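The next block holds one structure in the form of structure tokens; read it before the comments.
The values are calculated or read from the model by the stated rules, or taken from the named source; none is laboratory data. Computed from a predicted structure; not experimentally measured. Glycine gets a Cβ as well: all are built from the backbone with ideal geometry, and neighbour counts include every protein chain shown. Remember, those area values only see protein heavy atoms, side chains included, never the ligands or the DNA or RNA. Shrake-Rupley method; radii C 1.70, N 1.55, O 1.52, S 1.80 Å.
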Amino acid sequence: MNLTLKIWRQKNAQDKGKLVEYKVTEISDHMSFLEMMDVLNEQLVNTGEEPVAFDHDCREGICGMCSLYINGEAHGPDREITTCQLHMRMFNDGDTIFIEPFRSRAFPVIKDLVVDRTSFERIQQAGGYISINTSGNTQDANATPISKHDADMSMDAAACIGCGACVASCKNSSAMLFVSAKVSQFALLPQGRVEAVDRVMNMVKQMDEEGFGNCTNTGACEVECPKGISLDNIARMNREYLKASI
Ligand code: SF4
Ligand code: FES
């Protein structure tokens, strides 16, 4: 298929940036979206132009690095997949596709489609861990009974890959879905209860300091999340925060 791409080009954080139009031809519908971007970049390199900068690593939906805002949706038009798992069969010959970076004050653009998401790392560092020593003295899995229900919910929350699509989709740039997933995966397990009070207080404090907005229960984050993280986690984090506050 032949496509018109309107891509956000921005030299650096200070540059104003603008949408630039490109044409790509003979794109197979079996290609992934990032492979289509590779074709464009090869074309640009061959004509002596600067290739488009975009983030990617695993290309398997695991690392959370790919982060394109495609036709007004984080990770594009498909559901519960990342940009690297998006296939060109979701588009039609002759389509015009708008490709922008994830936009949020807390995710400043570094270059073109690459944004700085280290704010997520600082939130994680504020409490997204347990201090139990698990190196070399790990207990048998059956030594700490955990209900199947809690274990499943914790695993579901732990599926968050920290991509930031929830922030990019939210009209308030709220990071509540991400932070609540990280709080929930520990809050549901006995190993995580030890530091539960400090964890939720510190992670929420860091989230606010990074400049993310508040949650107004719009639910766009849940719709666009590639890992199906549920809004229930936000309700759980709010309960954890209230308990910790008193
Ligand atoms: S909650 Fe979903 S959208 Fe947000 S960072 Fe985690 S995986 Fe990405
Ligand atoms: S490149 Fe790793 S999730 Fe897309």
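Okay, here's what the table says:
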| read-out | value |
| --- | --- |
| Of all residues making up segment 159-173, the number that are open to solvent by less than 10 Å² (accessible area, probe 1.4 Å) and closer than 16 Å to residue 206 by Cβ | 2 |
| Matching residues, segment 79-108, being among the hydrophobic types (A, V, I, L, M, F, W, C) and in a loop (DSSP other than H, G, I, E, B) | 81, 86, 91, 102, 106, 107 |
| Residue 50 vs. criteria part of a helix (DSSP H, G or I), modelled with pLDDT of 95 or more, of a type outside the set (Lys, Arg) and surrounded by fewer than 22 Cβ atoms within 10 Å (Cβ to Cβ) | no |
| Test result for residue 76, more than 15 Å from ligand 1 (Cβ to nearest atom) and not in a strand (DSSP E or B) | no |
| Subset tally (residues that are small (Gly, Ala, Ser) and part of a helix (DSSP H, G or I)) for segment 166-216 | 8 |
| Residue match in segment 137-157 (condition: within 16 Å of ligand 2 (Cβ to nearest atom) and either modelled with pLDDT under 95 or among the hydrophobic types (A, V, I, L, M, F, W, C) (or both)) | no |
| Residues of segment 79-93 satisfying the condition of being within 12 Å of ligand 1 (Cβ to nearest atom) and touching a Lys or Arg at 6+ places or on another chain (Cβ under 8 Å) | 80 |
| Tally, over segment 71-97, of residues that are within 16 Å of residue 164 (Cα to Cα) and buried (at least 20 other Cβ atoms within 10 Å of the Cβ) | 6 |
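Yes or no, residue by residue, for (1) among the aliphatic types (A, V, I, L, M); (2) outside any strand (DSSP E or B); (3) open to solvent by less than 70 Å² (accessible area, probe 1.4 Å):
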residue	(1), (2), (3)
5	yes, no, yes
20	yes, no, yes
35	no, yes, no
63	no, yes, yes
